Amino acid sequence: MDRAELARRALDGYFSGPDAPVHATARAVAKIDDAEAVVLVEGISDQIALETAAVGRGRDLEAERVVIVPIGGAHAVGRFLMRLGPLGGRMPVAGLCDLGEEELFRRGLVSAQIGSPRTRVDMERLGFFVCVDDLEDELIRAVGIAGAEALFDSQGDLGAFHSLQSQPAWRGKDPEAQVRRFLGSGARRKLRYARLFVEAAVGWGTLPRPLDALLAAV
């Protein structure tokens, strides 16, 4: 199987291309009215990671009517929380964010009168979990460098990764930084490896805590 077909299969069921964020958000929002619970995430890679983790845990979020909404960036969280929280909603709401966006989510929870979290523990009690530093870092730690290289090899990408490592700007850098750069440097690469890294982490029993804890909360 060639690399293009492997990439297509990894993203089966998800939008791709420049308009993917808009389409993904619209499709998820259309399901909110019938939802039993809603999970707000920053982008499509977070959505893919959570939905993949749910499958790995033997859950069918669609049947459970748990909707994961990629909101198009943390700046939009306040608007979504106002719609879904006590001021305008009627269902449980949870969320996942990066460390750098934690304060935006905290302020959004306060504004929507969902709670007044002062600490990370307070956030988690409300169903909101923080990736340190972000989802990519969590997943890289979960699979390790050897695991990441094995996944790149399985997708025909190991040669491209080694080429990046040999570039003057990246030669001798920390392997974690090299993997992170590689994940973010190709079209759709971050999205498809979100699924592949999570599948591996579930199988190895190393699923990052924010993903596992969030699924347990909804």
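The values are calculated or read from the model by the stated rules, or taken from the named source; none is laboratory data. Since the model is a prediction, treat every value here as computed from it, not as a measurement. Note: ideal-geometry Cβ built from the backbone for every residue, glycine included; neighbour counts use all protein chains shown.
Please verify whether ALA160 is surrounded by 21 or more Cβ atoms within 10 Å (Cβ to Cβ) and among the aliphatic types (A, V, I, L, M), treating the condition exactly as stated.
no
Please find, within segment 181-218, the residue that is surrounded by the most Cβ atoms within 10 Å (Cβ to Cβ) out of those that are farther than 15 Å from ALA94 by Cβ and of a type in the set (D, E, K, R).
Going through segment 181-218, the residues farther than 15 Å from ALA94 by Cβ turn out to be 181-208.
Filter again for of a type in the set (D, E, K, R), leaving 181, 188-190, 192, 195, 199.
Numbers: ARG181: 17, ARG188: 17, ARG189: 18, LYS190: 20, ARG192: 25, ARG195: 22, GLU199: 19.
My answer is ARG192.
Just one of GLY58, GLY95 is within 30 Å of GLY203 (Cβ to Cβ), among the small types (Gly, Ala, Ser) and touching a Phe, Trp or Tyr at 6+ places or on another chain (Cβ under 6 Å); which is it?
Residue meeting the stated conditions: GLY95.
Out of (1) over 21 Å from LEU196 (Cα atoms); (2) assigned to a helix (DSSP H, G or I); (3) at pLDDT 90 or above, the odd one out for VAL22 is which?
Just one mismatch for VAL22, condition (3).
Is segment 37-48 home to any residue that is over 12 Å from the mean Cα position of the chain (by Cα) and surrounded by 15 or more Cβ atoms within 10 Å (Cβ to Cβ)?
yes
Anything in segment 168-188 that is in a helix (DSSP H, G or I) and in contact (Cβ under 8 Å) with a residue 24 or more places away in the chain? List them, or say none.
Residues satisfying the conditions are PRO175, GLU176, VAL179, ARG180, PHE182, LEU183, GLY184.
Where in segment 65-155 are there helices (runs of 4 or more DSSP H), lying wholly inside it, with at least 2 residues that are in contact with a helix residue (DSSP H, G or I) (Cβ under 8 Å, 6 or more places away or on another chain) and within 29 Å of HIS23 (Cβ to Cβ)?
77-84, 102-111, 135-154
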